[in-house]
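Below is one structure, written out as structure tokens; the observations come after it.
The values are calculated or read from the model by the stated rules, or taken from the named source; none is laboratory data. The structure displayed is predicted, hence computed values, not measured ones. For neighbour counting, all protein chains shown are included, and Cβ atoms are generated from backbone atoms with ideal geometry for every residue, glycine included.
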Amino acid sequence: MRHNDLRTLSMLDWLENDLLLMINSCEPASSDASFRRYFRVKTAEGQYVVMDAPPEKENTAAFIKVAGILAHSQVNVPTIFQENVTDGFLLLEDFGSTCYLDELNEQNATQLYQGAFETLFKLQSLTDINQCDLPSYDVPLLQRELTIFHEWFLGQLLDIQIPASLWETVCDALIVSALEQPKVCVHRDYHSRNLMVLTEDSPGVIDFQDAVIGPIIYDVVSLLKDCYIAWPEPQVEAWLTSYYDRLVQADLIACSLADFKRWFDLMGMQRHLKAIGIFSRLHLRDDKSTYLQDIPRTLHYVMTVCSSYPELAEFGQFLQNQVLPLLDDTLILLKNNKINEASLS
């Protein structure tokens, strides 16, 4: 066990000298699309995960707050055993390293998603949005997220301009649809990489610190139109309809299935445009290029929605005629550059 960077040494100092833990091993557990890192530590007292969240870049207090809110709503989130908000370290319950994405297949998908929907229903039905003091998924936030696509994907990655009037039409349609929905607590990244497969009370839910009060369909579309795994449309429709029926029975919604499906499609498009922008930014700014491989799947979701709604047809043509050819060329070029760099090393 050799750790040389200053933050890791500071983390170990906190564990050993402040918490008086005897560390037997400390290994990287995972990292994510943020600046957070996670370490799995084995001690005489047990096995834990330590979150390393640099205070100047990450909000540890938000993680602690939302963990308490979700736990109160009977969502299985990691227990926080010790906190060091000043330095950005948390000692957490270890949910293991197996997420939904690692396990999902055609045989077990319905069973796993049933657990995910059970947990989501608790989140949406048991969280008091008037008391939890979470930020609102309002117009400025929705607009900022859409801007990530415009700036980082179109502008920075592809160096292409979209007509201002066309972009305004797209943004207006997506934002209006989001704002007309009933409001609930929204995890905001409720997908296969953030749902952990456990032997008891599965799934364990992680990466929830950005939770907001927002559209009821948001986490549903995050789950069923996952940027990292895709399912046949009839299967998605069946899962969606089943959850719609449950929300109606619980009086959480009073819309038609057609309206619910429209919310699903347009909210998904807003989320996927944001995700494409974030994947581009991770490559260009943070040197995390593996996310580029998820752009084609995510863009396909967007184009499918555009083909179903006349008001989005022009945007679909823009993507088909101008964006897709450039994207293909860009991904091929980046792949070739990576191969060349590997052959020279």
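Things to note:
- Any pair with Cβ under 6 angstrom, 6 or more apart, that starts in the stretch 204-221 at a residue that is farther than 23 Å from Ile253 by Cβ and ends at one that is among the hydrophobic types (A, V, I, L, M, F, W, C) and in a strand (DSSP E or B): Gly204/Met196
- Selected residue (criterion: farthest from Asp287 (Cα to Cα)) from residues of the stretch 25-38 that are under 21 Å from the mean Cα position of the chain (by Cα), surrounded by 15 or more Cβ atoms within 10 Å (Cβ to Cβ) and of a type outside the set (Gly, Ala, Ser): Tyr38
- Scanning the stretch 39-54 for residues that are surrounded by fewer than 20 Cβ atoms within 10 Å (Cβ to Cβ), assigned to a strand (DSSP E or B) and without any contact (Cβ under 8 Å) to a residue 40 or more places away in the chain yields Lys42, Thr43, Gly46.
- Counted residues, the stretch 207-224 - those being part of a loop (DSSP other than H, G, I, E, B) and either closer than 15 Å to Lys122 by Cα or more than 11 Å from the chain's Cα centre (by Cα) (or both): 4
Per-residue answers, yes or no, for (1) of a type outside the set (Ser, Thr, Tyr); (2) in contact with a His (Cβ under 6 Å, 6 or more places away or on another chain):
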{"site": "Asp219", "(1), (2)": "yes, yes"}
{"site": "Leu224", "(1), (2)": "yes, no"}
{"site": "Cys227", "(1), (2)": "yes, no"}
{"site": "Arg246", "(1), (2)": "yes, no"}
{"site": "Met267", "(1), (2)": "yes, no"}
{"site": "Lys274", "(1), (2)": "yes, no"}
{"site": "Ser289", "(1), (2)": "no, yes"}
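- Scan of the stretch 278-318 for residues that are among the aliphatic types (A, V, I, L, M) and over 19 Å from Asp172 (Cβ atoms), ordered by number: Ile278, Leu282, Leu284, Leu292, Ile295, Leu299, Met303
- Candidates Glu151, Glu145: the one that is in a helix (DSSP H, G or I), among the acidic types (Asp, Glu) and surrounded by fewer than 18 Cβ atoms within 10 Å (Cβ to Cβ) is Glu151.
- Restricting the stretch 175-203 to residues that are closer than 26 Å to Asp251 by Cα and in contact with a Cys (Cβ under 9 Å, 6 or more places away or on another chain), the residue that is surrounded by the most Cβ atoms within 10 Å (Cβ to Cβ) is Cys185.
- Matching option when the condition is in a helix (DSSP H, G or I), over 28 Å from Asp245 (Cα atoms) and among the charged types (D, E, K, R), among Asp329, Asp259, Asp286: Asp329
- For the stretch 268-307, the set of residues classified as basic (Lys, Arg) and within 12 Å of Cys227 (Cα to Cα) consists of Arg271, Lys274, Arg297, listed by residue number.
- Number of positions in the stretch 27-56 that are of a type in the set (A, V, I, L, M), in contact with a strand residue (DSSP E or B) (Cβ under 6 Å, 6 or more places away or on another chain) and at pLDDT below 90: 1
- Residue match in the stretch 268-291 (condition: exposed (fewer than 14 other Cβ atoms within 10 Å of the Cβ), over 30 Å from Ile162 (Cβ atoms) and without any contact (Cβ under 8 Å) to a residue 60 or more places away in the chain): no
- Matching entry among Thr119, Thr110 (being modelled with pLDDT of 95 or more, outside any strand (DSSP E or B), in the same structural domain as Pro234 (by TED's automatic domain parsing) and under 18 Å from the mean Cα position of the chain (by Cα)): Thr119
- One residue from Leu333, Leu273, Leu344 being out of contact with any Lys or Arg (no Cβ under 9 Å at 6 or more places or on another chain) and at pLDDT 95 or above: Leu273
- Residues of the stretch 159-200 that are of a type in the set (Asp, Glu) and either assigned to a helix (DSSP H, G or I) or at pLDDT below 95 (or both): Glu168, Asp172, Glu200.
- Odd one out for Ala61, checked against (1) farther than 30 Å from Trp14 by Cβ; (2) assigned to a helix (DSSP H, G or I): (1)
- Unmet requirement for Ala254, which otherwise passes all of (1) buried (at least 16 other Cβ atoms within 10 Å of the Cβ); (2) not in a helix (DSSP H, G or I): (1)
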